[in-house]
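Colleague: One structure follows; several queries about it will come next.
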Amino acid sequence: MEQNLSSLNLTTECYKTLKSSGFTYVKDINETEDSKEWVDLTLVPVTKTALDIYCNDNESGTIYTFNGAFDELLENELVPGNVVEICGEPGSGKSQICFQLCINVQLPKWIGGKEGNALYLCTNYNFSTERLKERLKELGEEILKKLSCSGDSKKRKLSPIYFTTVIYLQKWLHHNKIRLLIIDCITPIIQQLDYTEKRHFMYNLFVNIQKLAIEYGFVVIITNNVTLRTKSVNNTYKTPALGEAYFHRVNTRVLLERKSPNYFKATLKKSTIKKQSSVLFNFS
């Protein structure tokens with residue numbers, strides 16, 4: 001039986017172009033097209049059984065911050081293939097959590113790390129190397145000794161926190177053992193678009209990122225701002241930016257709040273496996 005072009009993972013525009021050029025079946029192009037990209041596109045995707053996925057998830061496991069209360073809240077949430085949103089006001093601890101996870105994912109497995117790399121996509125140009133260094137200093141000296149034989153090697157071991165842009169994502173995934181992808185922050189990317197473009201862009205962004213996360217085995221963390229909305233006259237409330245369409249695209253949502261100079265509150269607002277709950281924690 002001949003395979004129709006509509007069965008392939010083609011964009012609508014690409015499919016229409018091929019149809020208008022007289023191509024209907026895969027064999028029509030096979031007779032004229034020898035490129036590797038086309039051959040790869042027509043191959044049957046590698047399938048995984050439920051057992052394969054379960055074993056892979058168990059082996060990969062959760063990425064931890066080593067903060068007991070926070071880790072308990074997000075147990076089995078920070079796992080490969082999941083899109084986790086961390087939202088909150090400025091100063092609520094979003095970046096500190098992200099920096100800590102960037103460091104921990106690179107640590108040896110015997111400590112609780114994943115021996116992988118972190119890819120940090122900063123969209124608002126405020127990536128702070130000084131704050132990252134502060135988090136690094138808090139690692140115990142014994143752990144740092146295990147990671148390095150000299151001062152320079154310490155830097156080499158913990159440096160693959162890549163500061164880049166979304167356009168190079170696939171390139172990094174091909175050449176690095178990425179176990180964590182952080183987009184900090186999603187709001188500037190989307191706010192510059194009009195309403196129609198927003199929905200289309202968000203759908204494509206999240207579908208493609210999650211496909212890559214499942215294929216390459218990494219966790220996706222996206223930070224988001226909060227905005228003030230009006231229910232009625234003299235009745236306003238704070239809510240994560242970008243609306244309900246965005247909310248339905250993430251697997252997990254965590255809201256961070258600063259309760260005092262040293263203490264923070266994390267609330268699990270959305271989860272596919274847990275009910276809503278909150279914890280207090282600090283970074284000491």
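The values are calculated or read from the model by the stated rules, or taken from the named source; none is laboratory data. What you are looking at is a predicted structure, and each value in this text was computed from that prediction instead of being measured. Positions of Cβ are generated from backbone atoms using ideal geometry, with glycine treated the same way; all protein chains shown enter the neighbour counts.
Colleague: If you check Phe218 against the conditions, is it at pLDDT 75 or above, over 14 Å from the mean Cα position of the chain (by Cα) and closer than 26 Å to Ser271 by Cβ?
Modeller: No.
For (1) in the same structural domain as Pro80 (by TED's automatic domain parsing); (2) of a type in the set (Val, Ile, Thr); (3) within 21 Å of Tyr64 (Cβ to Cβ); (4) part of a loop (DSSP other than H, G, I, E, B), each residue gets a yes or a no:
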{"position": "Thr227", "(1), (2), (3), (4)": "yes, yes, no, no"}
{"position": "Thr230", "(1), (2), (3), (4)": "yes, yes, no, no"}
{"position": "Tyr237", "(1), (2), (3), (4)": "yes, no, no, no"}
{"position": "Glu244", "(1), (2), (3), (4)": "yes, no, no, no"}
{"position": "Val250", "(1), (2), (3), (4)": "yes, yes, yes, yes"}
{"position": "Val254", "(1), (2), (3), (4)": "yes, yes, yes, no"}
{"position": "Leu268", "(1), (2), (3), (4)": "yes, no, yes, no"}
{"position": "Thr272", "(1), (2), (3), (4)": "yes, yes, yes, yes"}
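Colleague: Tell me, yes or no, whether the stretch 261-284 has at least one residue that is modelled with pLDDT under 85 and touching a Lys or Arg at 6+ places or on another chain (Cβ under 7 Å).
Modeller: No, there is no match, as no residue in the stretch 261-284 is modelled with pLDDT under 85 and touching a Lys or Arg at 6+ places or on another chain (Cβ under 7 Å).
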